[in-house]
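Worksheet: the structure to be examined is printed underneath.
The values are calculated or read from the model by the stated rules, or taken from the named source; none is laboratory data. A quick note: this is a predicted structure, and the numbers were derived from the prediction, not measured. When we count neighbours, we look across all protein chains shown, and the Cβ atoms used for this are built from the backbone with ideal geometry, even at glycine. Each accessible area value is taken on the protein alone, full model and side chains, heavy atoms only, with ligands, DNA and RNA left out. Shrake-Rupley method; radii C 1.70, N 1.55, O 1.52, S 1.80 Å.
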Amino acid sequence: MIEIGAQVDLSHPPDRVWLALTDRQLLGRWFAEAETVEGVPDRLLLHTAGLPGFQANVEVEVTERREPELLVLACDEAGRLSELTCAVTATKQGCRLEMREVTTHGAWSAEQHEPREQQLRQALTVRLPAILDWLAFRQVDLRRVDGGMTAELPLVGAPGGPARARRRRRQVAAALIAVVAVGGVAAWVALPAGSEQRAAPPSAPSPSPSATPVAVAVTPQPTASVRPSRTSASPTARPSRSPSAKPSPSLASAPPPPPPLTASYDTDSSRLFGYTGEVVLGNPAATAVEGWVVVVNLPDGSTVDDADGADWRQDGRAVTFTGAPVPAGGSQTFRFDVRDNRPKAREPETCTVDGKPCAGL
C-alpha cells in the first residue's frame, strides 16, 4: 500500500470548496479536465495523461459522499487502482482541505510517486486558491444587485492587474486631450471679429482710400491708423496673396490616413499548466475600426480552451481572433485561456494585430 497526501488551509467556507471539488468545469480549471461517462452515474473521466506522475487518463467513481465534508473516489488508471479521499473541515479562517490517495491494486514507480505528489500539492496550494478567489468575487458581484455589497468579500487584489491600470491611464489621458480640444475651440470662438479681419486678406480691391467699407470697419476699432495703411497698400500686393491662399483648400481636402490600431499583451493570471492571456486593442483614430485581426502563435502542444470578448479559431500553432469594431478613440479587451503542458509557460511566442507586433511580448 503506497500513500500520497497533501493538505491546505483555505480562507473560504466549506461549501465553496465543495463546489470546486464537485463541479466539473471548476475541477477542470484547477486540477484536470473532466467528462462524464455515458450511461454510468457518478463516474467521470479525468484527462490526466501527460501530467507529472500520470501515465494515462483516470476514471473515477464516487463511492461515498457527505456534503460538504467528505468525498471518496475509486480511481482506475490503466488498471492501477487507488482510493482518493477528500476531507473538508471548517476552521475559524475558512476550512482545511486534506486529500489522500492510497493504492489498492498495483503501485506507482519511484519515478511516478514524487512527481504525482508534487502535482497534487501544487494544485491544492496554487491553482485551487486562485479558482476559489475568482469564484468568491463572482458570487459577491452577482449578489450585488440584490441589496448592495455582501459581508463576504474575495481575498484578491484589483482585477485586471497592470493591464487594467494601463487602460485607466489611457482613459484619463483621452479625457485630458478632450478638455484641451474643447478649450481651444472656445478660445477661437471668443476672438474679436477685428483680429480675424486683420489676419485675412481683403476679398476685393477697395475703390478708393475713402471708401465706405473702410470707414465702417474702423468704427469699432480705437486705433484707426491701421486701416488707412491697408487702403494705401499698392495693388500689386493683393494678387500675390490670392495665389498662395488658393492651394490651401486642396491640401486640407486630403486628410492623412488614420493611425493604425495598437495592441498590448499581458498575462492576466497563471495556472500550473496554462495561463489566461489578455489583449487590449486601442483605436486612436476618429472613426471606429472594423475587421481587425489578432494572431497569437503558441508553442507546440498548446491549445486555447476558451475566449471571452472575441471569436477565435486555432490552426496548428496559430490562433486567430476577430471581433466587434473598436470604437473611435476607445479600446477593446479580450481574454483567452491557454492549456500548456509546460509547467512554467506564462505567455505565447508571438502576438500581432493586423500584422504588427503587440506590445508587452
State the number of residues belonging to the stretch 302-354 that are without any contact (Cβ under 8 Å) to a residue 40 or more places away in the chain and of a type in the set (Gly, Ala, Ser).
7
Is there any pair linking a residue in the stretch 279-292 that is at negative phi to one that is open to solvent by less than 10 Å² (accessible area, probe 1.4 Å) and in a loop (DSSP other than H, G, I, E, B), with Cβ under 6 Å and at least six apart or on different chains, and which?
Val289/Asn283
Filter result (under 13 Å from Thr320 (Cα atoms) and surrounded by fewer than 20 Cβ atoms within 10 Å (Cβ to Cβ)) within the stretch 336-357:
Thr350, Thr352, Asp354, Gly355
Restricting attention to the stretch 66-99, report how many residues are in contact (Cβ under 8 Å) with a residue 12 or more places away in the chain, open to solvent by 20 Å² or more (accessible area, probe 1.4 Å) and under 19 Å from Leu44 (Cβ atoms).
13
For the stretch 99-111, state whether one or more residues are modelled with pLDDT under 90 and touching a helix residue (DSSP H, G or I) at 6+ places or on another chain (Cβ under 7 Å).
yes
Can you pull out the residues in the stretch 77-98 that are under 26 Å from Leu132 (Cβ atoms), small (Gly, Ala, Ser) and out of contact with any helix residue (DSSP H, G or I) (no Cβ under 6 Å at 6 or more places or on another chain)?
Ser82, Ala87, Gly94
Give the residue that is most open to solvent (accessible area, probe 1.4 Å), with candidates limited to residues of the stretch 279-293 that are part of a loop (DSSP other than H, G, I, E, B), in contact with a Leu (Cβ under 9 Å, 6 or more places away or on another chain) and within 11 Å of Gly330 (Cβ to Cβ).
Pro284
Within the group Leu10, Leu51, Leu19, which residue is crowded, with 16+ Cβ neighbours inside 10 Å, under 25 Å from Pro115 (Cβ atoms) and modelled with pLDDT of 90 or more?
Leu10
In this structure, does Leu128 turn out to be within 37 Å of the chain's Cα centre (by Cα), outside any helix (DSSP H, G or I) and hydrophobic (A, V, I, L, M, F, W, C)?
no
Would you confirm, using the coordinates I've provided, whether Ala328 is in contact with a Pro (Cβ under 7 Å, 6 or more places away or on another chain), of a type outside the set (Ser, Thr, Tyr), open to solvent by less than 60 Å² (accessible area, probe 1.4 Å) and part of a loop (DSSP other than H, G, I, E, B)?
no
Taking the stretch 300-310 on its own, how many of its residues are loosely packed, with under 14 Cβ neighbours inside 10 Å and either in a loop (DSSP other than H, G, I, E, B) or at pLDDT 95 or above (or both)?
2
Criterion first (under 23 Å from Gly274 (Cα atoms) and free of Cβ contacts under 8 Å to residues at least 24 places away in the same chain) does Leu26 satisfy it?
no
Quick one: what pairs do we get from the stretch 250-262, first residue surrounded by 10 or more Cβ atoms within 10 Å (Cβ to Cβ) and among the polar types (S, T, N, Q), second part of a strand (DSSP E or B) and at pLDDT 85 or above, C-beta under 6 Å, 6+ apart or different chains?
Thr262/Gly282
